[in-house]
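The values are calculated or read from the model by the stated rules, or taken from the named source; none is laboratory data. All of these numbers come straight from a predicted model, not from anything done at the bench. Neighbour counts run over all protein chains shown; Cβ positions are idealised from the backbone, glycine included. All accessible areas refer to the heavy atoms of the entire protein, side chains included, with ligands and DNA or RNA removed. Shrake-Rupley method; radii C 1.70, N 1.55, O 1.52, S 1.80 Å.
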Amino acid sequence: MSDPAPATERVLILDFGSQVTQLIARRVRESGVYCEIWPYSADPARIRGFAPAAIILSGGPASVPDADSPRAPAEVFEAGVPVLGICYGQMTMCAQLGGSVASSDHREFGRAFVDVTAPCALFRDVWSPGAREQVWMSHGDRVTALPPGFRAVASSEGAPFAVIADDHRRYYGLMFHPEVAHTPHGAQLLRNFTHAVAGISGTWTMAGFRAAEIARIRSEVEAGRVICGLSGGVDSAVAAVLIHEAIGDQLTCIFVDHGLLRGGEAEQVVRTFRDRFNIRLVHRDASDLFLGALAGVTEPEVKRKTIGRLFIDVFEQEAEKLGGADFLAQGTLYPDVIESVPMHGGPSAVIKSHHNVGGLPERMRMRLVEPLRELFKDEVRALGRTLGMPESLVGRHPFPGPGLAIRIPGEVTREKLGMLRHADAIFLEEIGAAGLYDAIWQAFAVLLPVRTVGVMGDGRSYDHACALRAVTSTDGMTADVYPFDMAFLGRVANRIVNEVRGINRVTYDVTSKPPGTIEWE
């Protein structure tokens, strides 16, 4: 792991299982402060070695009064640094430091209001005594007695100690969630904690990360050879360009074209890397192999694992032709890492079943280089722009590694791929023409596993149905449906039905994306 910020400039977030813990990290990084999320059960020695300038304890689903509920490591309160507890984090901090927490009949979930009763360092330039402020609550338990040294500085109807402060030790607690958009001034509260309380300068930038990561790559790789697997997406592309800037021709990229990309994307990858960046590139068209292996496969997880297994097989074949390498580079992101560690018994290992986040098969005998491992998706885009990558690549909507295969429920065939590519291209073309592409996080078409009867002209048709999806997001962790007007949807549907042979019906999916999932597929 790289060290993108000195200890005096970084924050550690200990995760107790909240669905929105990643949003804490996003808000902290947006203020120019580097942070990492670790499980609350992290090795105490590791916490001491990280030597954070401040620690944040996240929310979580457990109940503090339960005997087996999780607790913060003792090192948190022995480190001598500011601590901020959020929701469950506030309650376990109180319980561990001598206060009391009890289950309450007056629970608070959703929008609520707190009454500010006293000044506090967290409130600087945001809240004043006597004000009533909107926040987002999510708790059943509540603090009933404060630990020695604490004072209450805000209260709500269901939480008499909605905000607490120990100014001497620089310990603070919030019963609400400042990281979510529904707490209007929440980002500023977090900024006051990191900047005003912890004294962090907030100078962490993508330019600084780029310089530090290039130096780290050079130190790690030295004279070794690196191969990078390109998927056609943003993440692997940015990783490759960054590594090439660090070690030049010691890097060779292998682009395994599985035949499941959008129309024209394979050609764009080749042009970008060979012509624009002059990076050594091996292009292997393995579409026949992948489609043959997917014939008759209908179960989604089997499709994913089949694609992943074949990708590694083909990649290894091409690597052997090159004489092997010392390192394998891939575009693992920070959400991939978090979602692939079952910290709280969740389904993350299944969610990320097509990633090599946990390491490589032993037979590959290479070490991993993952320069984006500490970054979120929007930070990767920002890094790509500092590297001079074209906006058509850096700003494109996220595209999953298994490609169009997971957007064709049921068996994948060339005919279905052709229909889906054409419909998908029309959808994105109309979004671009309407000037909406950058306002949407991700938009795509799905070929549904149903056929419908329709009347086209003077005859009946029995063809496929297509669904369109489009969501807005800032980080890919939560998303809302994009509110297209009916005229736009009607125009897209009319074009698809008229121009794509084999599709006679189009629907728009209005499902939103819940927190705690990274991909939208």
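Quick check for the chain: number of Lys pairs with alpha-carbon distance under 19 Å, counting only pairs 8 or more apart or on different chains?
On the way: 303/352; 303/416; 305/352; 352/377; 352/513; 377/513.
Eligible lysine pairs with Cα atoms under 19 Å apart amount to 6.
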Carbon and sulfur %, accessible surface of region 173-312 computed with the full protein complex present, 1.4 Å:
50 percent
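Counting Lys +1, Arg +1, Asp -1, Glu -1, what net charge surrounds residue 494 among other residues with beta carbon under 14 Å of its beta carbon? Provide the component values of the computation, followed by the final result.
Numbers: positive: 491, 495, 505; negative: 429, 430, 499.
Charge balance near residue 494 sits at 0.
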Could you state the angle between the C-alpha long axis of helix 300-321 and the longest principal axis of the C-alpha atoms of the chain, as a value from 0 to 90 degrees rounded to the nearest 10?
70 degrees
Write out the GluC sites (Glu not before Pro) in region 137-234 meeting two conditions: DSSP loop, and at most 15 other Cβ atoms within 10 Å of their Cβ.
157, 222
How far apart, in nm, are two points set 7 Å out from the Cα along the Cα-to-Cβ line at residue 245 and at residue 78?
4.2 nm
Can you give the three extents of the C-alpha atoms in the chain along their principal axes, from longest to shortest, in whole Å?
75, 64, 41
Rounded to the nearest whole Å², what accessible area per residue is found for the chain with the 1.4 Å probe?
41 Å²
A chain fully extended from residue 222 to residue 168 at 0.36 nm per residue, minus the present Cα-Cα distance, gains in nm 14.7 nm
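By how many nm would the segment from residue 45 to residue 270 lengthen if fully extended, with 0.36 nm per residue of separation less the alpha-carbon distance? Display every interim value, and only then the final one.
Values: separation 225, 0.36 × 225 = 81.00 nm, distance 4.59 nm.
Full-extension gain reported as 76.4 nm.
Would you mind getting the Kirkwood hydrodynamic radius of region 75-137 from its Cα pairs, rounded to one decimal in Å? Mind dumping the intermediate values first?
Numbers: mean 1/r = 0.0714 Å⁻¹.
Over region 75-137, the inverse of the mean reciprocal pair distance is 14.0 Å.
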